[in-house]
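Have a look at the structure below before the remarks.
The values are calculated or read from the model by the stated rules, or taken from the named source; none is laboratory data. Treat the numbers as computed from the prediction; the structure is a model and nothing was measured. So basically every Cβ, Gly included, is an ideal-geometry build from the backbone, and we count neighbours across all protein chains shown.
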Amino acid sequence: MMEIIVKSLSLGLSVVFVLIQTQACFGASDYYRDRVEPFLKELKANYKPQIVDGVLEPKEFPDLEEDKKSLEGIDSNHDGVRDDIEIFINRNFNTWVERDNLKNEFRRAPGFYSNYKKMSIDEFIKYSSNTSEDNTCIWSGLKLLDLKGSPDLVKYISGNALYNTERRRAAFNYLSQKLGGYAYGDGFGDKKIMENCQKKITNILAKKKEKNK
């Protein structure tokens with residue numbers, strides 16, 4: 001039953017996610033430049049690492065310019081997510097389902113950056129579609145668990161945050177050119193993303209039901 005509900009929700013959201021991904025690196029607005037970077041610069045003076053979702057944030061505030069010198073960026077606490085994005089997401093997204101799934105794209109990024117020129121079309125389609133799967137999990141989780149989405153969720157453009165330098169944008173442009181004419185989005189990504197999402201949601205609902213007995 002849970003799988004049917006999640007799948008039905010995903011069908012209505014597929015177009016939205018493809019649109020978000022398409023907007024990732026185009027247009028006059030730039031989510032990283034206009035929202036992420038100003039927030040981080042203001043936070044820097046009073047930054048204190050927190051434990052969020054069981055993970056201790058970077059002990060030192062990241063050097064934003066140093067981060068931009070490499071494709072992968074800085075991940076000083078080795079949790080798989082760039083320090084700047086980890087800190088921003090932790091402080092601007094109120095639910096675990098948002099935080100966990102928004103970070104997934106950044107967890108996959110190092111593997112993409114190191115292999116993108118060798119990837120097959122099928123690998124490009126799967127990689128690009130995984131973001132849609134993550135987003136379907138977010139909206140499904142919020143709906144089924146009766147959670148309120150954070151204000152930034154509807155404005156968040158992951159591509160601007162992920163591909164925020166010339167070298168990173170070049171990798172994205174390479175990906176976009178290879179995907180020209182191919183379909184991708186919900187249903188084309190890693191099946192384990194939604195399987196794991198369904199398991200987490202089901203476990204939480206079961207615990208809530210048990211607690212309310």
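Does region 142-161 contain at least one residue that is part of a loop (DSSP other than H, G, I, E, B), in contact (Cβ under 8 Å) with a residue 60 or more places away in the chain, within 20 Å of residue 93 (Cα to Cα) and of a type in the set (Phe, Trp, Tyr)?
Yes, region 142-161 contains a residue that is part of a loop (DSSP other than H, G, I, E, B), in contact (Cβ under 8 Å) with a residue 60 or more places away in the chain, within 20 Å of residue 93 (Cα to Cα) and of a type in the set (Phe, Trp, Tyr).
So, in region 89-98, how many residues would count as being assigned to a helix (DSSP H, G or I) and surrounded by fewer than 21 Cβ atoms within 10 Å (Cβ to Cβ)?
4
Looking only at region 74-88, count every residue that is surrounded by fewer than 23 Cβ atoms within 10 Å (Cβ to Cβ) and aliphatic (A, V, I, L, M) and tell me the total.
Of the residues in that region, 1 qualify.
Kindly provide the set of residues from region 97-147 that are at positive phi and in contact with a Phe, Trp or Tyr (Cβ under 6 Å, 6 or more places away or on another chain), ordered by number.
Matches in region 97-147: none.
Filter region 88-144 down to the residues that are of a type in the set (Val, Ile, Thr) and in contact with a helix residue (DSSP H, G or I) (Cβ under 6 Å, 6 or more places away or on another chain), then identify the one that is farthest from residue 173 (Cα to Cα).
97
Under 15 Å from the mean Cα position of the chain (by Cα), at pLDDT 95 or above, under 30 Å from residue 181 (Cα atoms) and surrounded by 16 or more Cβ atoms within 10 Å (Cβ to Cβ): is that true of residue 106 in this structure?
So residue 106 passes the test.
Before we move on, is residue 192 assigned to a helix (DSSP H, G or I), within 16 Å of the chain's Cα centre (by Cα) and basic (Lys, Arg)?
Judged against the criteria, residue 192 is a match.
Take the residues of region 114-137 that are surrounded by fewer than 18 Cβ atoms within 10 Å (Cβ to Cβ) and not aliphatic (A, V, I, L, M): which is nearest to residue 188 (Cα to Cα)?
126
From the list 130, 101, 92, 77, which residue is modelled with pLDDT of 95 or more and touching a Cys at 6+ places or on another chain (Cβ under 8 Å)?
Result of the check over 130, 101, 92, 77: 101.
Regarding residue 29, is this residue part of a helix (DSSP H, G or I), among the polar types (S, T, N, Q) and either at pLDDT below 95 or over 15 Å from the mean Cα position of the chain (by Cα) (or both)?
The answer is no for residue 29.
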